[in-house]
Amino acid sequence: MISTGVLAVHNASPNSLSVFHDAIISEIPKLSGRWSFELKVFRSNNAHLASTQSSFLFNINFDHEPSKSITLINKISITTSTSPSKELIDSGSLVGSCDPLDLIVQSKLQSLWLVRQTLKVDNGFTYEINQGEFLLRAVNVYLNGSFKNFLIFIEYHGNEKAKESGLEKIKESIARFRIPPGNLHTEQLTETKEYLSDLAYQTVQALQF
Amino acid sequence: MVQQLSLFGITTQSQHSLLIASLSSLVGQTRSQKYENLTVLAKPTTIIKFEPNSTKQQYEQYKIQLKSKIDENFSDIESLREWGLQVYDIPNQTVQNSSSTKKKLNVNSQNFLESYIILNKGDKLDDILKELGYERETSYRIKGERFYYGNITIELFQILIYVENEWILLDNSIMVKTFINIAKITDLENINKSTQELVNLKMELTGLVDLSVPDKNNLDSRIGLNFRK
C-alpha cells in the first residue's frame, strides 16, 4: 500500500522549487523526468442544486497515471479510466471508446456544473529515493499566470510495519530530506487506502479552494 | 464521442429459433455470444423549467445511463463496482446533404459520450449519483445474444424488470438491434459505407425481421421536454 501526503510549502516563491531541488540532490535521487497534473474546477450552477450539495466538483488527471482521472465531489471520489475491461465491453455495458468523466460533466451536465478554472500544473520533478522507497514530486502551481503554491508530493512505497505506519514515515521524511515547512495534507477519503483518490483529495486540500 | 448507426426490429419467441438459425448461417458463426447487463437510468434531481423569455443562459438536461456486467446469480447492485456511464444525444437529423441533393438517411444515427467508472470501496452508486445531482429513476436487466456480420453487430435481447422480488420478462417480444459504431464522427466516408452496410443487412433479413428507424422521440434522452412546450 502506498502512503501519500501533499505539502503546501509556507512562504514559497517561484524560486523555492530550485532551492529544494539543490537540497534533495544530496540524497542522490533517481530523477524520473518531468511531472505534471491537470485540475479542472467546476462550480455548481447553484440556483438549481439542493442545499446539501457540494458547490465544487474537481477533476484531476495526474501525469503518472495518464489513463485514469479522479472526479471529487465532497468526500466522494469517482475513478474513470480510458481503458475499460473487455468483460464490461462484452456485457454490452460500454462500446469501449471511453472519455474521462469531466468531458461528460462539461458538455452534458451544464445545468448542474460549470467549469470555473482549468489549472495545468506542469514542469514538476519526480525524485526517486532509496530505490523507490520514497517518491517525491515537486511542482509550482500558477493560477492565471501568477504564482500560487509550491507543492511537494510525498509517497512512501516501502513496507508498513504495524507500529511504523506509512503516515509516520511520511512525517519522518520531512526532516530527513530537509523538506521546507508547510501544511501537510494526509487525510484519506475512506478507511481503506485508495492511492489515486486520496492523492487527488490531498491535492485539492493543499490548494485550498 | 461515438456515433452509432443503427436499425431496430422486433420479433417473437416463436420466430426466435428460425431467426437464430438464419443469422448463424448468414454470418457464418455457429454460436452466438451471450451477454447480460444491468442498466440503471438516472435523471437530474432537480429538473429546471424552461423559461422562454429568460435572459439567463439555459442548459439542456440529459438522463444518464449506467450499465454493468451481471450474470444469472445477480442480486445486489452494490456488488457491481465497474460501470459504463453513457449520455446520449437526441438522434441526428434524418436528412443529410448528399451530393447537393437532399437525401434521406436510411438508418438511425445517434451520438453519445461514455466513461468507464470504477467505484472505490465503500462508495455506493446512489451516493455518487446524488453528489453529481442525479437520482436513480429505473433499472432493468438486458439478456441477449450477439452476432457479428462484417462491421455490424447484431444483438437479440430481452428486457427483464424487477417485480415483487423477482426478475420477470417485460413481455414476450425479442428486440433486434443492428449497429455500427463510428469512432470519429467526422469520418463521412465510413459513415456512408456503414449506412450502406446496414441497409444491405436489412434487405438480407427481409421476411425474417423488419429492421427500421425507430421514432426519434423514443431515443431522446433529454428531459423536461414537457416543460419546454
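Between B:SER14 and B:GLN196, the C-beta separation translates, for a Förster distance of 22 Å, into a calculated FRET efficiency of about 0.10. Mean residue ellipticity at 222 nm, helices only, chain B: -6000 deg cm²/dmol; runs of at least 4 DSSP H residues each add -39,500 (n - 2.57), and the sum is divided by the number of residues. When peptides A:95-106, A:10-21 are ranked by their average number of other Cβ atoms within 10 Å per residue, the highest-first order is A:95-106, A:10-21.
Can you compute the modelled spin-label distance between B:ILE168 and B:GLN57, with each label point 7 Å from Cα toward Cβ, in nm? For the pair B:ILE168/B:GLN57, the computed spacing is 4.9 nm.
Percent of C-alpha pairs per 10 Å bin in the protein assembly as shown, short distances first: 4, 18, 24, 22, 16, 10, 5, 1.
Want the number for B:ARG136 to B:ASP71: 0.36 nm per residue separation, take away the alpha-carbon distance, what's left? Don't jump to the answer; show the numbers that get you there.
Values: separation 65, 0.36 × 65 = 23.40 nm, distance 2.13 nm.
Answer, rounded to one decimal: 21.3 nm.
Based on Cα contacts under 8 Å between residues 6+ apart, chain B shows a relative contact order of 35 percent.
Just checking the listed ones, B:ILE48, B:ILE180, B:ILE142: in the Gaussian network model of chain B with Cα springs under 10 Å, the one fluctuating most is B:ILE48. In chain A, the DSSP-assigned H stretches of four residues or longer account for a calculated mean residue ellipticity at 222 nm of -6500 deg cm²/dmol, using -39500 (n - 2.57) per stretch and the full residue count as denominator. Cβ-Cβ distance of B:MET175 and A:VAL115, R₀ of 51 Å, FRET efficiency by 1/(1 + (r/R0)^6): the value works out to about 0.85. Counted by neighbouring Cβ atoms within 10 Å, the residues B:TYR88, A:TYR142 run from fewest to most as A:TYR142, B:TYR88. The shape of the range B:2-227 comes out oblate: with a ≥ b ≥ c from the C-alpha gyration tensor, a/c is at least 1.5 while a/b does not beat b/c. Shown for the range A:72-172: lysine pairs separated by 8 or more places, or found on different chains, whose C-alpha atoms are under 29 Å apart, numbering 16.
With label points built 7 Å along Cα→Cβ from the Cα atoms of A:ASN11 and B:ARG31, find their separation and express it in nm. With each label placed 7 Å out from Cα toward Cβ, I get 7.3 nm.
Going by average Cβ density within 10 Å per residue, which order do the peptides A:80-90, A:66-76 take, highest to lowest? Don't jump to the answer; show the numbers that get you there.
Values: A:80-90: 16.0, A:66-76: 20.0.
My ranking of the peptides, most packed first, is A:66-76, A:80-90.
Listed values for the range B:199-208 are Karplus-derived 3J(HN,Hα) couplings in whole Hz (6.51 cos²θ - 1.76 cosθ + 1.60, θ = phi - 60°), namely 5, 4, 5, 4, 5, 4, 9, 4, x, 9, and x replaces Gly and Pro. Could you calculate the FRET efficiency of A:ARG176 with A:ASN74 from 1/(1 + (r/R0)^6), where r is the beta carbon distance between them and R0 is 35 Å, rounded to 0.05? For R0 = 35 Å, the calculated efficiency reads 0.50. The charge dipole of chain B, taken about its Cα centre with unit charges on the Cβ of Lys, Arg, Asp and Glu (plus for the first two, minus for the last two), comes to roughly 740 debye.
Peptide B:118-125 has a mean of 6 when you count, residue by residue, the C-beta atoms of other protein chains within 10 Å of its C-beta.
So if a site counts as exposed when it's one of the GluC sites (Glu not before Pro), its DSSP state isn't H, G, I, E or B, and it has at most 14 other Cβ atoms within 10 Å, what's the longest stretch of chain B without one? Longest run free of exposed loop sites: B:73-163.
Only the coordinates and a few stated rules stand behind these numbers; no lab work does. Predicted model, so just to flag it, every value in this text is computed and none were measured. Here the Cβ is made from the backbone with ideal geometry for all residues, glycine too, and neighbour counts use every protein chain on show.
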